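The values are calculated or read from the model by the stated rules, or taken from the named source; none is laboratory data. Being a predicted model, the structure only gives us computed values, none of them experimental. With ideal geometry, Cβ positions are generated from the backbone for all residues, glycine too; neighbour counts draw on all protein chains shown. SASA here: full protein model, heavy atoms, side chains in, ligands and nucleic acids out. Shrake-Rupley method; radii C 1.70, N 1.55, O 1.52, S 1.80 Å.
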Amino acid sequence: MSSSYFPATTDSIAQALEAANRSDTISILYRVLDDPSSSPDALRIKEQAIANLSDYLREENRAQDLCNLLTQLRPFFSLIPKAKTAKIVRGIIDSVAKIPGTSDLQISLCRDMVQWTRAEKRTFLRQRVEARLAALLMESKEYSEALTLLTGLVKEVRRLDDKLLLVDIDLLESKLHFSLRNLPKAKAALTAARTAANAIYVPPAQQGTIDLQSGILHAEEKDYKTAYSYFFEAFEAFNALEDPRAVFSLKYMLLCKIMVSQADDVAGIISSKAGLQYVGPELDAMKAVADAHSKRSLKLFETALRDYKAQLEEDPIVHRHLSSLYDTLLEQNLCRLIEPYLRVEIAHIAELIELPIDHVEKKLSQMILDKKFAGTLDQGVGCLIIFEDPKQDAIYPATLETISNMGKVVDSLFVRSAKIMA
């Protein structure tokens, strides 16, 4: 960077934007920021230069330079209002977030900014940067540190009664507890977020996020019909904003349809006006699962899981529910196949169901232990022996009922005799 500076004027900005190449543009914008002038016009031009510079650095994927820019601008922040400082800091952090593969750098940047805001006593900005840091720690699976940070932050923000930030933090806390498989606390945090949201105007994107989290928690409790309605609300909000999360809301809507055995509705939703906008691997994956479910074919199910691994296996929400669906389908198919037999080779069952023998044997032993059917595995000869359902003798329940009635009669006679004697 040159030691000379460009004056903070609109002409300098225009010269930067008209430069022959991107590196010259960035260089001129840096030199505009070096202007020692602190007049209101100069400060306004510098704000514009910062906005342009952060955009160009993001487009060039220069994440480290963006972090250095934030450090370089600290003296400048003392000259402008705190609200503008907060806007610039959050804008640069957002720019770094848009560059792929910068999770660790973002965490480091947020930690540095938290220390600086503490030293400068900028509480409003610190709380928002700490909320961003907690979200990044959660994405990095550092749940313990994220939870510690959020616990302190929630108490502080509740005391200040900053409802909008409180909605963000409670929602983040709900996601964190859900990741830790603590469903009661996840629901409690979501309820707190809804309560805070009811007291203020919540942006549509934020409301969509609340609905999406509500759908996820209801789906976890197997209440798929309620979950579907929440996912639909989230989809409508994200679709109107052209938010990329719309496709995930639609994907979870389709998942709910499959889980309530309405897989035939999936094709209709995908071919609707709203669904056609999001046709791609995510919806193709759910369509393949729906086809497998409709045909009750485990082979097609496994093919879908293999062909769309990124969309199904690597999505923790979908994967959890599809694992349950796969087990149910497998049990139904096995029960249907073994029904005509009293003794059958495991290899024959595996051949019919088109799955590995050890996989089928493991599942059959699990079903026997769960008392899905009465039987035993003879591993010596590789056979499954199915026992006939023992017929319950009706005389025992009838005898117990008679004895119970006689007991009531004796008790009644005893009460009457006691009254007579008195």
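Brief remarks on what is shown
- Karplus-based coupling profile of segment 94-108, in residue order and whole Hz: 4, 5, 4, 5, 7, 8, x, x, 10, 4, 5, 5, 4, 4, 4, with θ = phi - 60° in 6.51 cos²θ - 1.76 cosθ + 1.60 and x standing for Gly or Pro.
- On a per residue basis, segment 173-220 carries 42 Å² of accessible surface, using protein heavy atoms and a 1.4 Å probe.
- Solvent-accessible surface of segment 1-102, averaged per residue with a 1.4 angstrom probe and all protein chains in place: 51 square angstrom.
- Pairs of alpha carbons in segment 10-94 whose separation is greater than 20 Å (percent): 28 percent
- For segment 125-181, the normalised intensity computed at q = 0.21 Å⁻¹ comes to -0.69 (log10 of I(q)/I(0), Debye sum over alpha carbons, equal scatterers, no solvent).
- The value given for segment 4-44 is a Kirkwood hydrodynamic radius of 10.2 Å, derived from the mean inverse Cα-Cα separation.
- Based on alpha-carbon atoms, the Kirkwood radius and the radius of gyration of segment 64-113 give Rg/Rh equal to 0.97.
- What the phi angles of segment 397-414 give under the Karplus curve with 6.51, -1.76 and 1.60, with θ = phi - 60°, is a coupling list of x, 5, 5, 4, 5, 5, 4, 4, 5, 4, x, 5, 5, 4, 4, 5, 5, 5 Hz, glycine and proline written as x.
- Over every Cα atom in segment 256-313, the radius of gyration and the widest Cα-Cα span, Dmax, amount to 11.0, 31 Å.
- Accessible area expressed per residue, segment 286-422, with surrounding protein chains retained (probe 1.4 Å, Å²): 68 Å²
- Gyration tensor (alpha-carbon) shape descriptor, segment 54-144, a/c threshold 1.5: oblate
- Tail weight of P(r) past 20 Å, computed on alpha-carbon pairs of segment 205-271, percent: 21 percent
- Carbon plus sulfur fraction of accessible area for the chain, probe 1.4 Å, in percent: 54 percent
- For segment 24-44 versus segment 252-285, the spacing of their alpha-carbon centroids is 52 Å.
- Here the Karplus curve 6.51 cos²θ - 1.76 cosθ + 1.60, taken at θ = phi - 60°, turns the phi angles of segment 263-274 into couplings of 4, 5, 6, 4, 4, x, 5, 5, 7, 6, 4, 5 Hz, with x standing for Gly and Pro.
- Over segment 204-297, Cα pairs under 8 Å with separation of 6+ residues give a relative contact order of 23 percent.
- When the Gaussian network model of the chain links Cα atoms closer than 10 Å, the mean-square fluctuations of Pro281, Pro81, Pro397 top out at Pro397.
- Using only the C-alpha atoms, the convex hull of segment 309-381 corresponds to 101 Å³ per residue.
- Approximate spin-label separation Ile317-Arg296, in nm, with each point projected 7 Å along Cα-to-Cβ: 3.0 nm
- Dimensionless Rg/Rh of segment 275-351 - Kirkwood Rh, Rg from C-alpha atoms: 1.09
- Radius, Kirkwood style, for segment 66-209 when every pair of distinct Cα atoms is counted (Å): 15.9 Å
- Note on Ala119 and Arg159: with the Förster distance fixed at 22 Å, the Cβ-Cβ geometry gives a FRET efficiency of about 0.55.
- The equivalent ellipsoid that matches the C-alpha gyration tensor of segment 175-232 spans semi-axes of 19, 15, 9 angstrom, in descending order.
- Global size of the chain: 32.0, 118 Å for Rg and Dmax (C-alpha atoms, Rg to one decimal, Dmax whole).
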